[in-house]
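**Q** Following this message is one structure expressed as structure tokens.
The values are calculated or read from the model by the stated rules, or taken from the named source; none is laboratory data. Since we're looking at a predicted model, the values are computed, not measured. Using ideal geometry, Cβ is built from the backbone for each residue, glycine included, and neighbour counts are taken over all protein chains shown.
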Amino acid sequence: MHIPDGFLSTTTWVSAWTVSAGGLGCCVKQAGRAMKDRMVPLMGVLSAFIFAAQMINFPVMGGTSGHLLGGVLAAVLLGPWAGAVVIACVLIFQCLVFQDGGLTALGANILNMALVGTLGGYFIYRVMAKLLGGEKGIVTGAVVAAWFSVIAAASLCALELALSGTSPLGLVLPAMAAVHAIVGIGEGMITGLIVGFILKTRPDLIYRGQGSGYRVQGEEQEHRSAEGELDAKA
């Protein structure tokens, strides 16, 4: 899904860069407002993990392979804004150091995977988590959202290629959707396993997204305890 140089028309990649720059700037601003200092190390660790995980490919079909995108995983742990920033940083590093995706197409890759995949996936995750409730809702929402994020990113990639005249939409969209529907299954399974494990061991690392601030489960419990002590003293 990493688009190389030469596959997008000038109009398409310039437009994608413009949208990505604006969207990423908004994400950085929102993440700065919502995130606590204690989550900065987690951003670094998660960036390193996703980068390493993306280097491991698994076979899909017809000689193609897929790898973890990690957008929904990052959003579940860090929130949508910081999650998008993490994926963008991974994509930038991959492009500049490993030439994975072209420099002119980097804006499109960020738009597809860091913005649409992460933010769109997080929306699906939140809806399902609220509908189902509890740990089941969190894990199920993460699995479904992870699959959706891959399909959304691949579909947008196909649209960009079609707009650039690289391949007809009727050809590239079904091909991309079919392959990445299978890739999305792997994405959902990996995301679900990791989120489920974290829920059992460190549930305080799950982003709760209550109010306008960043508050995780552990902080909510501390907040309630502090309120209880104040009430008792009163």
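**Q** Looking only at helices (runs of 4 or more DSSP H) that lie completely in region 1-116, which have at least 1 residues being within 29 Å of Lys130 (Cβ to Cβ) and modelled with pLDDT of 90 or more?
**A** 10-34, 40-54, 71-78, 80-98
**Q** Being in contact with a helix residue (DSSP H, G or I) (Cβ under 8 Å, 6 or more places away or on another chain) and among the basic types (Lys, Arg), is that true of even one residue in region 134-154?
**A** No, region 134-154 contains no residue that is in contact with a helix residue (DSSP H, G or I) (Cβ under 8 Å, 6 or more places away or on another chain) and among the basic types (Lys, Arg).
**Q** So Ile110 fits all but one of (1) surrounded by fewer than 24 Cβ atoms within 10 Å (Cβ to Cβ); (2) touching a residue at least 40 places away in the same chain (Cβ under 8 Å); what number is the exception?
**A** Here Ile110 clears every test but (1).
**Q** Can Leu169 be described as more than 17 Å from His67 (Cα to Cα) and crowded, with 16+ Cβ neighbours inside 10 Å?
**A** The answer is no for Leu169.
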